[in-house]
Amino acid sequence: MQLVTAMAQSDNVEVKRESVLRALCLYLIEEPDDLIREYMVSDVAAIQQGIDGTVLGIYTTRVEGAEVMDHPADVGVVIEGVVVLEDLASVSLAIALLLGLIYAFNLSYPPKFRYTFEVIQKLFLDLDANKLSHKVQALKTKLFSELESG
């Protein structure tokens, strides 16, 4: 519900993009909070513990009392428990850079987010789009039928 509220109430395009990425994970039955982890700036121990336990993902930190629609204090990319990028402008930029790092380092997509990254790669970026999993093909069919009828 918080996801829908953020999209409906915010005029900030970055909040809407993040909401769409989280909704994509949910639609594909993947847990967005495992890909994009949120922490409070004041909870340094939780931040470090979360980063140490992350194989591949995004982290955001927010100040106490911040709303979902407020810009995070920090956004970064973590690979193998190491912050490789930080102070990024948005979650959507972090996802794009993470995808680039996956390509540059020839990493495998995290199994828990196989479909999310497949959609980004094959439907959004049109890279190797001729080989789709059944789940992603079903989403593509739905998206294109909506476009054609609307």
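Read the figures in this text as sums done on the coordinates, not as results from a lab. As the structure is a prediction and not an experimental result, all values here were calculated from the model. Note that we place each Cβ from the backbone using ideal geometry, even for glycine, and neighbour counts take in every protein chain shown.
Which of the helices (runs of 4 or more DSSP H) found entirely inside the range 1-113 contain at least 1 residues meeting this: without any contact (Cβ under 8 Å) to a residue 12 or more places away in the chain and in contact with a Cys (Cβ under 8 Å, 6 or more places away or on another chain)?
On the way: elements: 2-9, 13-27, 32-35, 44-52, 91-104.
Result: 32-35.
If you scan the range 114-135, which residues turn out to be assigned to a helix (DSSP H, G or I), over 16 Å from Val20 (Cα atoms), touching a Leu at 6+ places or on another chain (Cβ under 8 Å) and free of Cβ contacts under 8 Å to residues at least 24 places away in the same chain? Give the steps one after another, and end with the answer.
Filtering the range 114-135 down to residues assigned to a helix (DSSP H, G or I) leaves 114-124, 134-135.
Retained after the next criterion (residues that are over 16 Å from Val20 (Cα atoms)): 114, 122, 134-135.
When the remaining residues are screened for being touching a Leu at 6+ places or on another chain (Cβ under 8 Å), the result is 122, 135.
If the condition is that a residue be assigned to a helix (DSSP H, G or I), over 16 Å from Val20 (Cα atoms), touching a Leu at 6+ places or on another chain (Cβ under 8 Å) and free of Cβ contacts under 8 Å to residues at least 24 places away in the same chain, then Lys122 is the only one that fits.
Looking at (1) farther than 14 Å from Leu35 by Cα; (2) surrounded by fewer than 17 Cβ atoms within 10 Å (Cβ to Cβ), which is the only condition Arg114 fails?
Result: Arg114 passes all but (1).
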